[in-house]
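Here the structure comes first, spelled out in structure tokens, and everything after it is commentary.
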Ligand code: SF4
């Protein structure tokens, strides 16, 4: 695979022949400096080599600076990444002191209100020009301070302009990335990392590889950040992440990864390191494909290493060989354990949906309710609806878009309250969680 360009993000070397960097994100309120510092410390101790914090508004800018100062005072040199949506002023304010700013091209200047419209080529080019003008101050600040930028493209938050022209497709994600890449290169800014995330394993693999190819064709490949968004939690979230991230690492693509789990953030990095280490020992040729079935045999005693190996091999075979089934053999596992892992892998790749599909975000400082408990309640109560997709999302700002293909969803609104969605339609004002679960049950029963 064509090598990516290399640069430092704070103390971390990114791209080229550098080891894959593991990163994670806090879910504390960024205004709560003490809680955020404590969580960052736990994340670093658990293996995070970069930590990201949300900065929803100007209010949090000062807190982020305090968090960074406090971590430095305590001897933590981990690069700090500011996660910014919607507000260019916030990105410009943090870019002078953090090591990296993550922006989402789908909502940074551009808008998403699910509106349908057509644009002439001239109108379209004008919109891109306006975006470029609005991006310039940020790029100048980043260049002056050596700050990196992540262009974080998410399938669930592409802007209306892109969606109306390219549909909700991997190609639309590539177009969104490439127009920002043009904007940055025209401003002579090259310290970029790009991610192409989706909760759909196939889509995140395809979008990432298409982007890699598009950059290679232009002669400059920027480092790629890999992740399956809204992967959920428990074994399902881990298998989905291992299938998507593992397939790309097996292809030789990926410079940094984040495993997104609806669990305490300090659970993410140990598993991310596990993916990196396990995949480095795998070879796709060690599995056999007959017809449209993957046969994978490996007598790996460590249950997690086995799970990652099987999921990564399956994700790879699913993408490149369009397999429709998986047969697993491992003499350290019982037949029941092998059957269960097979079912979870087939579900993660959406080859065979044998139970309800849960899509849930990892939560962040925007979340104002106990999402981890609610996900567990939802999983318990709605476990047996094969093919049905239910989203549980932390915030109303990004949640509805990010659970793009869910049939139903619960989305955090204000303190302790959530809204119920049917696909993209909001059905309620903010209500209490028990009421939302009852309503979900009624809706599902009515539509069975
Ligand atoms: S959807 Fe979840 S992770 Fe994404 S911004 Fe909202 S709370 Fe944060």
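Put in order of Cβ neighbour count within 10 Å, fewest first, the listed residues 189, 358 become 189, 358. Entry note, segment 357-447: relative contact order of 24 percent, from Cα contacts under 8 Å with a spacing of 6+ residues. Counted over the chain, the DSSP beta bridges are approximately 25% antiparallel. When the Gaussian network model of the chain links Cα atoms closer than 10 Å, the mean-square fluctuations of 241, 57, 36 top out at 57. Each of 263, 92, 441 was scored by other Cβ atoms within 10 Å of its Cβ. Arranged with the fewest first, they read 441, 92, 263.
Looking only at 115, 91, 187, which one moves most when the chain is put into a Gaussian network model with springs between Cα atoms under 10 Å? Its mean-square fluctuation being the largest, the pick is 115.
Taking the DSSP bridge list for segment 285-348 and keeping only pairs wholly inside it, about 40 percent are antiparallel. At an R0 of 60 angstrom, the distance between the Cβ atoms of residue 321 and residue 439 translates into a FRET efficiency of 0.90. Measuring from centroid to centroid over Cα atoms, what is the spacing of segment 390-448 and segment 239-289 in Å? Segment 390-448 and segment 239-289 have Cα centres spaced 30 Å from each other. Across segment 18-112, the mean sequence separation of Cα contacts (distance under 8 Å, 6 or more residues apart), normalised by length, yields a relative contact order of 24 percent. Dividing the mean sequence gap of close Cα pairs (under 8 Å, 6+ apart) by how many residues the chain holds gives a relative contact order of 13 percent.
Length available on full extension from residue 120 to residue 281: 0.36 nm per residue minus the Cα-Cα distance, which gives 52.9 nm.
Across the chain, counting alpha-carbon atoms alone, Rg and Dmax equal 21.1, 63 Å. Legend: ranking of residues 431, 323 from fewest to most surrounding C-beta atoms inside 10 Å; resulting order 431, 323. Legend: calculated FRET efficiency, residue 136 to residue 426, from the Cβ-Cβ distance at R0 = 41 Å, rounded to 0.05, equals 0.70.
Cα centroids of segment 1-69 and segment 134-152: 17 Å apart. Taking 41 Å as R0, compute the FRET efficiency from the Cβ-Cβ separation of residue 62 and residue 340 and round it to 0.05. Calculated transfer efficiency: 0.25.
Rg and Dmax of segment 357-447, based on Cα coordinates, read 11.5, 35 Å.
What residue among 146, 227, 409 has the largest mean-square fluctuation in a Gaussian network model of the chain, using Cα springs under 10 Å? Of 146, 227, 409, the Gaussian network model singles out 146 as fluctuating most. The fraction of all Cα pairs in segment 285-348 landing in successive 5 Å bins from 0 to the largest distance is 4, 19, 35, 26, 13, 3, given as whole percents.
Bear in mind that the values in this text are calculations on the coordinates, not laboratory data. Since this is a predicted model, take the numbers as computed values, not measurements. Quick reminder, even Gly has a Cβ in these numbers, built from the backbone with ideal geometry, and neighbours come from all protein chains shown.
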